[in-house]
Amino acid sequence: MANYLGFYDLPEGVDVGGRYDEEFAGILTRDALQFVAALQREFRDHIRYAMECRREVQRRYNSGELPGFDPATRLIREGDWACALVPPAVANRTVEITGPVERKMIINALNSGAKVFMADFEDALAPSWENLMRGQVNLRDAVNGTISFNDQARNRVYKLNDETAKLFVRPRGWHLPEDHILVDGAPVIGCLVDFGLYFFHNHAKFRATQGDGYGPFFYLPKIEHSREAKIWNRVFERAEKFAGIEKGSLRATVLIETLPAVFQMDEILYELRDHSIGLNCGRWDYIFSYVKTFQGHPDRLLPDRVQVGMTQHFMRSYSDLLIRTCHRRGVHAMGGMAAQIPIKDNPAANEAALELVRKDKLREVRAGHDGTWAAHPGLIPPIMEVFTSNMGGKPNQIQMARREDAGNITEEDLLQRPRGVRTMEGLQLNTRVGIQYLAAWLTGTGSVPLYNLMEDAATAEISRVQNWQWLKYGAVLDGEE
């Protein structure tokens, strides 16, 4: 692309429709774009087939079929195999902080005292051209150790501490295109842009300074079937071969945040067994996926979303089975997000919120989780205290909490209808959160504090589809005629 500012140096068959910027040109180099284009050309047909499989499965669900374990892969579920050993650099993941790939956020998160920072190109980021490319610049500077941010309003310069969290990166899901970059006339798959540019520019420095010979490290979102994990595994192998690094260097944690994926956890780990470092309970999107999966089932209406917590039988079963599956295969079982943010003007309310967080995290660590997520740095000390005081001085519980009791969890457990009521307050909260989040998202902000919670696309999606579900099936609200 050319404009009055300059040109991107483009390889054959590649076009960039986003605006030119000198800093972006340092990311969108000819060689980097050639690498992304090679990934697109090699994997686009596999991805297209996987997305058609998703649509076909959803058609079957809409016709009354229920998700379940695949009889064809029973031997994988029952087999005695393990994933590659967890790299020492990420053995301890007791608290992970997440946030968008914004410059100040990256610095604060890496300095936060968390064990891991997951830098997000997905749910916490509004995917504008500016945000995506600026995020790549920010991550390159972070990996190089040169990142800084001058906050003129506060007259403060932010820089990295000597000791920082380990960096993981979450690209977008397989289903999202990146319309600003075309290969052979068609948009590139968004996650191949996010992954490809980051890997190309940072793999060597990251392995030397952060990964102790391993890495880079990733989180993989929105996977619904092991065939999608298999594509990621092949992408990783292709990248390792390109860079001339050992097979198994790249490592990833898969978010189990779709209902179909809970029946594929062993299979997902098996496909990624050389590159896996665990699974994560992406519980907010998991609730959204429950509605999406059962969109044709009027007998499966959710109660108010605030009532769909981890004490619901189907949610607890999902968490327990994830822990057993991960530990049986030798990798981390990560807990879900604590979305609370400090309530600065109300100490009593703030302490009550922190107590809820402590209670939830105590449940997680006692269940056997190896770590958990926090949305705000202020939550890290209390969460860290809960985990470290209940793990016997170990960096994780992979060998300690085998959860063999969870081997009896059935399809019926994982699909049990949630209990609770539907209220006008729930409808109003969904509406407020949905509208306010969307307004922020459209102006370029993907992570938004609302009603003392840090909301991202996952919670906005729950709000949207729950209102849709109630309207579609004429749900009667508790106390309403």
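Do you know which residues across the stretch 233-285 are within 30 Å of residue 311 (Cβ to Cβ) and in a loop (DSSP other than H, G, I, E, B)?
So the first thing to find is which residues in the stretch 233-285 are within 30 Å of residue 311 (Cβ to Cβ), and the list is 252-269, 276-285.
If the condition is that a residue be within 30 Å of residue 311 (Cβ to Cβ) and in a loop (DSSP other than H, G, I, E, B), then 257, 258, 263, 264, 282 are the ones that fit.
Among the numbered conditions (1) part of a helix (DSSP H, G or I); (2) farther than 18 Å from residue 308 by Cβ; (3) of a type in the set (Val, Ile, Thr), tell me where residue 462 comes up short.
Every condition holds for residue 462 apart from (2).
For the stretch 174-202, how many residues are closer than 13 Å to residue 232 by Cα and either among the polar types (S, T, N, Q) or surrounded by fewer than 21 Cβ atoms within 10 Å (Cβ to Cβ) (or both)?
Count: 0.
Restrict the check to the stretch 80-94 and report whether at least one residue is out of contact with any helix residue (DSSP H, G or I) (no Cβ under 8 Å at 6 or more places or on another chain) and without any contact (Cβ under 8 Å) to a residue 24 or more places away in the chain.
Yes, that holds for at least one residue.
Do you know which residues across the stretch 85-101 are in a loop (DSSP other than H, G, I, E, B) and in contact with a strand residue (DSSP E or B) (Cβ under 7 Å, 6 or more places away or on another chain)?
86, 87, 93, 94, 101
Which one of 476, 448 is over 21 Å from residue 289 (Cα atoms), touching a strand residue (DSSP E or B) at 6+ places or on another chain (Cβ under 8 Å) and either free of Cβ contacts under 8 Å to residues at least 60 places away in the same chain or surrounded by fewer than 20 Cβ atoms within 10 Å (Cβ to Cβ) (or both)? Walk me through it before giving the result.
On the way: 476 fails: touching a strand residue (DSSP E or B) at 6+ places or on another chain (Cβ under 8 Å).
On inspection, the qualifying residue turns out to be 448.
Residues are listed down the side, and each one gets a yes or a no for (1) more than 21 Å from the chain's Cα centre (by Cα); (2) modelled with pLDDT of 95 or more; (3) closer than 21 Å to residue 338 by Cα:
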position: 395; (1), (2), (3): yes, yes, yes
position: 404; (1), (2), (3): yes, no, no
position: 422; (1), (2), (3): yes, yes, no
position: 431; (1), (2), (3): yes, yes, no
position: 469; (1), (2), (3): yes, yes, no
position: 478; (1), (2), (3): yes, no, no
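Quick one: count up the residues across the stretch 181-226 that are over 18 Å from the mean Cα position of the chain (by Cα), in contact (Cβ under 8 Å) with a residue 40 or more places away in the chain and part of a helix (DSSP H, G or I).
Number of matching residues: 9.
Among what's in the stretch 309-333 and is among the hydrophobic types (A, V, I, L, M, F, W, C) and modelled with pLDDT of 95 or more, pick the residue that is farthest from the chain's Cα centre (by Cα). Talk me through it step by step, then tell me what you get.
Initial filter on the stretch 309-333 (among the hydrophobic types (A, V, I, L, M, F, W, C)): 310, 314-315, 321-323, 326, 331, 333.
In the following step, the residues that additionally are modelled with pLDDT of 95 or more were identified as 314-315, 321-323, 326, 331, 333.
Working: 314: 21, 315: 18, 321: 19, 322: 16, 323: 17, 326: 17, 331: 17, 333: 14 Å.
Ranking the qualifying residues of the stretch 309-333, first place goes to 314.
Tell me, please, whether a residue that is in a strand (DSSP E or B) and either polar (S, T, N, Q) or within 30 Å of residue 303 (Cα to Cα) (or both) can be found in the stretch 374-384.
Among the residues of the stretch 374-384, at least one is in a strand (DSSP E or B) and either polar (S, T, N, Q) or within 30 Å of residue 303 (Cα to Cα) (or both), which makes the answer yes.
When residues of the stretch 385-418 are filtered for being touching a helix residue (DSSP H, G or I) at 6+ places or on another chain (Cβ under 8 Å), part of a loop (DSSP other than H, G, I, E, B) and surrounded by 12 or more Cβ atoms within 10 Å (Cβ to Cβ), how many remain?
The total comes to 11.
Condition check ((1) among the charged types (D, E, K, R); (2) without any contact (Cβ under 8 Å) to a residue 60 or more places away in the chain; (3) in a helix (DSSP H, G or I); (4) surrounded by 13 or more Cβ atoms within 10 Å (Cβ to Cβ)) across all residues:
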{"position": "18", "(1), (2), (3), (4)": "no, no, no, yes"}
{"position": "39", "(1), (2), (3), (4)": "no, no, yes, yes"}
{"position": "45", "(1), (2), (3), (4)": "yes, yes, yes, no"}
{"position": "51", "(1), (2), (3), (4)": "no, no, yes, yes"}
{"position": "55", "(1), (2), (3), (4)": "yes, yes, yes, no"}
{"position": "58", "(1), (2), (3), (4)": "no, no, yes, yes"}
{"position": "61", "(1), (2), (3), (4)": "no, no, yes, yes"}
{"position": "69", "(1), (2), (3), (4)": "no, no, no, yes"}
{"position": "75", "(1), (2), (3), (4)": "no, yes, yes, no"}
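Going by what's in this entry, would residue 382 be described as at pLDDT 95 or above and either more than 21 Å from the chain's Cα centre (by Cα) or acidic (Asp, Glu) (or both)?
yes
The values are calculated or read from the model by the stated rules, or taken from the named source; none is laboratory data. What you see is a predicted model, and the numbers here were worked out from it, not measured in a lab. Virtual Cβ from ideal backbone geometry, glycine too; neighbours counted across all protein chains shown.
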